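Here the structure comes first, spelled out in structure tokens, and everything after it is commentary.
The values are calculated or read from the model by the stated rules, or taken from the named source; none is laboratory data. Here the structure is a predicted model, which means the values were calculated and not measured. Virtual Cβ from ideal backbone geometry, glycine too; neighbours counted across all protein chains shown. Just so you know, the surface numbers come from the protein's heavy atoms only, side chains and all, with ligands and any DNA or RNA stripped out. Shrake-Rupley method; radii C 1.70, N 1.55, O 1.52, S 1.80 Å.
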Amino acid sequence: KQWYQTQSTGHFREELNKLVATSMTNLGGAIKCSLDLLNIHRVQNGLDNYGQGRNPFLFEPAVVVIISDGCKLTNTQTVTDTLTLPMHPSFPGSELTKDPFRWDQRIFSIVLRFKGNSDNDFVDSVPFDTQINAMCEVTGGRSYAVPNHKSLLQALESINQKVLSGVVIQLEHLPSEAERNLANEAWRSTRRMILVNKTNPGQLAHWPIPESFWPTRETRPIRTAIPLLYFSSESKRVNVLDNLPFDKYELEPSPLTQYILEMRQPTICWQTFVKSSGRDKAIKAPFGYLKASVKGTCVNLFVMPFNYPVLFPLLEELIKEFRMQPSNQWITDFKSYVSSMPVYYYMPLRVALRRLGVPASLLALIPDTPDGMYFNNMLKSLKVQAKTEATRYMDQIKKKKVLCVDTTASRTLR
């Protein structure tokens with residue numbers, strides 16, 4: 001935390017000099033231990049909000065740095081060239097995310113490719129760093145091959161600059177029938193961070209990024225660490241109503257942002273979707289769109305109300321035509337829209353409509369305390385359990401006991 005706050009590598013190098021190598025190279029267990037220590041605090045702070053949509057403003061940016069010579073690993077039985085992470089549930093709530101990391105955590109590695117003893121020749125071993133590369137990339141990080149001391153310092157500075165306020169998302173192109181046979185250009189699939197401009201500690205997003213499942217009492221709210229967002233390259237124009245809140249996140253530079261910027265069409269929007277976020281599993285209800293900035297310097301992800309192409313005409317009709325006194329048909333259509341959206345959108349929709357001056361009689365069409373915030377009690381219980389578990393973890397660390405070394409269930413990150 002101090003390294004991030006000071007934006008200096010001095011503290012990091014100070015702590016790095018205190019490291020002492022012991023025992024076998026249980027790299028997978030060590031990485032899992034680091035992530036568990038981060039994630040157990042996430043549960044205590046309620047950052048994941050399982051089953052209630054993903055809020056990019058609920059984040060704790062973290063970086064895990066691996067320092068390796070890129071050689072094979074050893075354990076008490078053998079030498080291996082496979083890097084695996086123990087996948088047994090380590091703390092309350094960990095089973096609700098399929099991955100050991102979270103969308104605001106990135107893994108970086110420094111692979112030392114030079115000799116540590118000037119009296120011996122450095123022998124380049126069988127390359128093991130390809131597996132480390134894959135693990136870094138899946139979290140949105142990267143690996144650095146370091147051939148000398150100067151490049152080591154450069155790698156540390158580069159990692160320091162990448163400690164950004166934001167979360168990682170996966171963007172996949174949703175081709176139309178005419179586009180299905182086109183070449184597989186790099187812009188069609190990208191994993192990058194969206195930057196979160198959080199101006200005050202209590203700030204939250206107006207709208208969540210939807211879950212990839214429809215929440216019910218029977219649903220187990222299991223998700224991947226990084227959300228999979230689909231985007232359509234069909235050009236759309238979106239007219240946002242005055243005073244209607246929305247969220248805007250800048251995308252990290254990537255082949256996708258470069259492709260959109262080269263189009264030089266800042267008024268064109270590409271809609272974004274999450275599969276299975278609606279009542280059916282079809283990809284047809286957009287929650288936002290990608291759009292180049294007016295100056296053409298960056299691309300932003302705009303997050304809107306769920307299925308906003310249906311909502312916006314209704315609101316425009318309510319305000320301009322009916323003057324807040326709608327017809328029975330409008331009420332029927334609005335009720336149909338509300339019933340088609342996940343229940344975790346009810347509260348932000350009510351807040352947004354209140355800002356537009358919609359009367360209380362119409363706000364009552366949105367369930368006040370939706371029966372659908374099904375997971376509140378579960379999340380509260382997890383917070384209490386996580387606090388107890390965090391205390392136990394810290395006690396183990398103080399006693400210098402080894403954590404997270406069970407490899408009975410493991411997984412190779414890809």
* Structure fact -> The residue that is farthest from Thr219 (Cα to Cα), considering only those in the range 271-288 that are out of contact with any Ser or Thr (no Cβ under 6 Å at 6 or more places or on another chain) and outside any loop (DSSP other than H, G, I, E, B), is Thr272
* Asked: Among the residues of the range 229-265, how many are surrounded by 15 or more Cβ atoms within 10 Å (Cβ to Cβ) and in contact with a strand residue (DSSP E or B) (Cβ under 8 Å, 6 or more places away or on another chain)?
  -> 17
* Asked: Of all the residues that make up the range 38-63, how many are over 20 Å from Thr219 (Cα atoms), in contact (Cβ under 8 Å) with a residue 60 or more places away in the chain and either open to solvent by less than 30 Å² (accessible area, probe 1.4 Å) or hydrophobic (A, V, I, L, M, F, W, C) (or both)?
  -> 9
* Hey, among the residues in the range 136-149 that are touching a residue at least 40 places away in the same chain (Cβ under 8 Å) and out of contact with any strand residue (DSSP E or B) (no Cβ under 6 Å at 6 or more places or on another chain), which one's nearest to Phe101 (Cα to Cα)? -> Val138
* Considering Leu256, Leu204, Leu229, Leu261, which residue is in a loop (DSSP other than H, G, I, E, B) and among the aliphatic types (A, V, I, L, M)? -> Leu204
* Determine, yes or no, whether Pro342 is open to solvent by 20 Å² or more (accessible area, probe 1.4 Å), touching a residue at least 24 places away in the same chain (Cβ under 8 Å) and within 17 Å of Trp207 (Cβ to Cβ). => no
* What number of residues within the range 151-174 satisfy the criterion of being in a strand (DSSP E or B) and farther than 21 Å from Asn55 by Cβ? -> 2
* Just one of Thr84, Thr22 is without any contact (Cβ under 8 Å) to a residue 12 or more places away in the chain and open to solvent by 20 Å² or more (accessible area, probe 1.4 Å); which is it? -> Thr22
* Asked: Restricted to the range 138-150, and to residues that are part of a helix (DSSP H, G or I) and at pLDDT 90 or above, which residue is farthest from Ser212 (Cα to Cα)?
  -> Lys150
* Just a yes or no: is a residue in the range 20-33 closer than 30 Å to Asp247 by Cβ and of a type in the set (A, V, I, L, M, F, W, C)? -> no
* Structure fact -> Checking Val196, Val167 in turn, the sole residue that is surrounded by 12 or more Cβ atoms within 10 Å (Cβ to Cβ), within 14 Å of Leu228 (Cβ to Cβ) and in contact (Cβ under 8 Å) with a residue 60 or more places away in the chain turns out to be Val167
* Can you name the number of the only condition in (1) in contact with an Asp or Glu (Cβ under 8 Å, 6 or more places away or on another chain); (2) closer than 29 Å to Pro367 by Cβ; (3) open to solvent by 50 Å² or more (accessible area, probe 1.4 Å) that Gln271 fails? -> (3)
* **Hits in the range 352-397 (condition: charged (D, E, K, R) and at pLDDT 70 or above)** => Arg354, Arg355, Asp368, Lys380, Lys383, Lys387, Glu389, Arg392, Asp395
